[in-house]
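Encoded as structure tokens, the structure appears first; notes follow it.
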Ligand SMILES: Nc1ncnc2c1ncn2[C@@H]1O[C@H](COP(=O)(O)OP(=O)(O)OP(=O)(O)O)[C@@H](O)[C@H]1O
Ligand SMILES: [Mg+2]
């Protein structure tokens, strides 16, 4: 291992596939991927852990591939959490900080976060992040960074990202056991992790949404004025398109998947040529019209779900940078054109970029979350990965550190 090298690991537990990426962070700010791996996922339903016994095997297989490629042992990682229970809640709060010339310090920021959160997040939910939009000091609003400023009365407006506590506990359990043997450093919603690897700070400033369309979930994250404004997950994904095709066309899922990947598009009614698939000596013929109808019905349901979230967040038809699609489901031909019509916004396809090393392999839309998790893993004090089998203490709540920076500000400063 290179002396003083900093390594970080992200693991995305998808419903279809577990993916892990290890990055090496140079002193010059460069990021290179030194290992990656994937394994078929088991025991996950609609993004959530449905049993504790099988996922550790997939995690172990995936991380063994990463370790073999990089030559470095993995003892801890930042891990994605997914499912329709993930949500964001707007909060506000106020504290008196003392006499008029009191200088706002890290303790004041911690105290106002605690005060603002108190009683607003149900007891069965874990706070994953607190994202401040604005501080108001003695009535003066629009402050992003109050640390060091003087005042007597401090107010905050913020967004709290939370998930059901049992889901968070289950996610830790599938890593922190005798089979996988990995400590969970941070838990991060997979869609905000994906956003981390594909969005620029300009897009986040102007207003942009990320849609991570996986096998059985479609995550939505909205950024504006540089901050995360909303996160939600629609519990439907691209596997539902495959399953519908199998049911309606009365064929097996493997053939339905081939129809979807090779022939389905987001431009319906363009051709009426029959679809022919050969398997060994068998030949299957399907009506293009029927395939179009099935695919369109599911995509409509998915993007109606996305649109509902845009509306709930107050961003319907109101995102200057539009939506960026990632995840395996975004590889369906012309899905961006279909989505754009449905949500009435500009839509483009995204994938992680600007990373060195064995990176072409991870510069794919389905790796966006794992790459983002790896980057987030590098934002706290680094852990020694190689050789050291002792697990460090876990930390999942990302709010402000002693310097008063939000986790997002910290990430941007470190890696932009
Ligand atoms: N070329 C392609 N064309 C269309 N669909 C594709 C293509 N490649 C993969 N997919 C679809 O992408 C889906 C898997 O995406 P992904 O690997 O992002 O899911 P996941 O992360 O495991 O699931 P989730 O995020 O829902 O838990 C599958 O439904 C698969 O059929
Ligand atoms: Mg996924």
Binning at 5 angstrom from zero up to the longest distance, how are the C-alpha pair distances of the range 71-218 distributed in percent?
2, 8, 14, 16, 15, 16, 13, 9, 5, 2, 1, 0
Counting helices only, and only those DSSP H runs with n ≥ 4, report the 222 nm mean residue ellipticity of the chain as the sum of -39,500 (n - 2.57) divided by its residues, in deg cm²/dmol to the nearest 500.
-10000 deg cm²/dmol
For the range 155-271, shape from the Cα gyration tensor axes a ≥ b ≥ c, cut at a/c of 1.5 then a/b versus b/c, turns out oblate
For helix 165-175, report the angle its Cα long axis makes with the longest principal axis of the Cα atoms of the chain; keep it between 0 and 90° and round to the nearest 10°.
70
Semi-axes of the equivalent ellipsoid for the chain, Cα gyration tensor, largest first, Å
38, 27, 18
Taking the mean number of other Cβ atoms within 10 Å as a proxy for protection, how do you rank 63-73, 139-149 from highest to lowest?
63-73, 139-149
Between residue 32 and residue 296, how high is the FRET efficiency from 1/(1 + (r/R0)^6) when r is the Cβ-Cβ distance and R₀ = 35 Å? Nearest 0.05.
0.25
At 7 Å along the Cα-to-beta-carbon direction for both residue 57 and residue 153, put a label point, then send me their distance in nm to one decimal.
6.2
Round to a whole angstrom and tell me the spacing of the C-alpha centers of the range 17-93 and the range 312-379.
18
Rounded to whole Å and sorted largest first, list the principal axis extents of the Cα atoms in the range 233-349.
53, 27, 20
Would you please put 115-128, 304-317, 228-241, 29-42 in order of how densely packed they are, using the mean number of other Cβ atoms within 10 angstrom per residue and starting with the highest?
228-241, 29-42, 304-317, 115-128
With axes computed from alpha carbons, what is the tilt in degrees of helix 368-377 against the longest principal axis of the chain, rounded to the nearest 10 within 0 to 90?
20
Report for the chain the percent antiparallel among DSSP-assigned beta bridges with both residues inside it, nearest 5.
75
With angles folded into 0 to 90 degrees, how steeply does helix 55-70 sit against the dominant principal axis of the chain? Use alpha carbons for both and round to 10.
80
What ranking of 153, 48 emerges when the number of other C-beta atoms within 10 Å of each C-beta is taken as an exposure proxy, fewest first?
153, 48
Segment residue 45-residue 138, extension gain: residue separation times 0.36 nm, minus the distance between their alpha carbons:
28.6 nm
When the convex hull of its Cα atoms is projected in every direction, mean area for the range 312-367 (nm²):
4.7
re the range 3-116: pairs of Cα atoms spaced beyond 19 Å account for a percent value of 62
Counting other beta carbons within 10 Å of each residue's own, what order do 85, 150, 185 fall into, fewest first?
150, 85, 185
Place a point 7 Å from the Cα of residue 201 along the Cα-to-Cβ direction; which residues of the range 207-241 have their backbone N under 14 Å from it?
225-227
Expected unfolding gain across residue 247-residue 179 under the 0.36 nm per residue rule, minus the alpha-carbon gap, is 20.8 nm
In which sequence would 272, 28 go, from the one with the fewest C-beta neighbours within 10 Å to the one with the most?
28, 272
For the ranges 217-223, 155-161, what's the packing order if you count other beta-carbon atoms within 10 Å of each residue, average per peptide, and put the highest first?
217-223, 155-161
Could you work out Rg/(2.2 N^0.38 Å) for the range 87-163, with Rg from alpha carbons only?
1.09
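Bear in mind that the values in this text are calculations on the coordinates, not laboratory data. Everything quoted here is computed from the prediction, not taken from an experiment. Reconstructed Cβ throughout: ideal geometry from the backbone, glycine too, with neighbour counts over all protein chains shown.
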